[in-house]
Amino acid sequence: MCFVCDQKVGRRRFLQLGAGIAAALAVGGSALAAGGPVTSLTGDQALAKLKEGNQRYVSSPQACISDLASARAGVTQHQAPWATILSCADSRVPPELIFGGQNVGELFIARNAGNMADTATLGTIEYGAAALGVPLIVVLGHESCGAVAAACEIVEKNSNFPGSIGTMLEPIIPAALAAKGKPGDFVDNAVRENARRTAARIVSASNIVADLVKDGKVKVVAGRYDLDDGRVEFFG
Ligand SMILES: [Zn+2]
């Protein structure tokens, strides 16, 4: 097949996929169009499972507690993740590990520096909630976040950052401004404020998520991961 044919087929497949997603969203967030059953967990049950996994990671961390090959085989045709995690790209904050070795097919994850909900991330979260039936969305900030620290530096010292980094940091600045002058550590307060604000923004900026929250089908929470002791604290 020539390059042009490849492009045509690719475009046709893209349009078909788009129609499938539109159909999934049009039926009120049902995951039927995504091709199979969704998790039976509620948002509260999913949150309890994350807490339990994090406790396991804190008390007896092991890199591989899961049968990865078996799990992979079980999700080749279909996925039914039970929690969406929006976390920082920081290499020290891998969601599957810090939540106790969650396996292939369990967590739906979006990551970027500063755990922000830009358009691509918001669309990812909406797809997880509406098409895949994920009942829980966690915005996970973390101790000593470099992106949040940089936003604090902009607020305190009017620093400039090159390339797209400065633009990327702009949405974090309101959280840094809100945290400035508060008792305690400036960056850590801003990390918490940023996670809280991002969780709120996901609901306020997305009618899809807002409707699912209103119907009790989706829960949105914020959290902070501690680099020292490995604990995740949930709030808001
Ligand atoms: Zn970070």
(message) Looking only at residues that are buried (at least 22 other Cβ atoms within 10 Å of the Cβ) and part of a helix (DSSP H, G or I) in region 92-125, which one is farthest from the ligand (Cβ to nearest atom)?
(response) 125
(request) Please verify whether region 68-78 includes one or more residues that are surrounded by 15 or more Cβ atoms within 10 Å (Cβ to Cβ), modelled with pLDDT of 90 or more and in a loop (DSSP other than H, G, I, E, B). (result) no
(message) Checking the condition within 10 Å of the ligand (Cβ to nearest atom), under 13 Å from the mean Cα position of the chain (by Cα) and either assigned to a helix (DSSP H, G or I) or not polar (S, T, N, Q) (or both), which residue from 141, 128 passes?
(response) 141
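Counting only residues that are at negative phi, of a type outside the set (A, V, I, L, M) and open to solvent by less than 50 Å² (accessible area, probe 1.4 Å), give me the helices (runs of 4 or more DSSP H) lying completely in region 152-219 with at least 2 of them. Walk me through how you get there before you give the answer.
Details: elements: 165-169, 173-179, 186-205, 207-214.
It comes to 186-205.
Counting just the residues of region 75-90 that are in contact (Cβ under 8 Å) with a residue 12 or more places away in the chain and β-branched (Val, Ile, Thr), which one comes out farthest from the ligand (Cβ to nearest atom)?
Our first condition is that a residue be in contact (Cβ under 8 Å) with a residue 12 or more places away in the chain; within region 75-90, this holds for 75, 77-90.
With the extra rule that they be β-branched (Val, Ile, Thr), the set shrinks to 75, 84-85.
Details: 75: 29, 84: 18, 85: 13 Å.
That would be 75.
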(request) Only one of these is out of contact with any Leu (no Cβ under 7 Å at 6 or more places or on another chain) and closer than 30 Å to residue 48 by Cα: 139, 191. Name it. (result) 191
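The values are calculated or read from the model by the stated rules, or taken from the named source; none is laboratory data. Computed from a predicted model, the values in this text were never measured in an experiment. Virtual Cβ from ideal backbone geometry, glycine too; neighbours counted across all protein chains shown. Note: accessible area is taken over every heavy atom of the protein model, side chains too, but ligands, DNA and RNA are not part of it. Shrake-Rupley method; radii C 1.70, N 1.55, O 1.52, S 1.80 Å.
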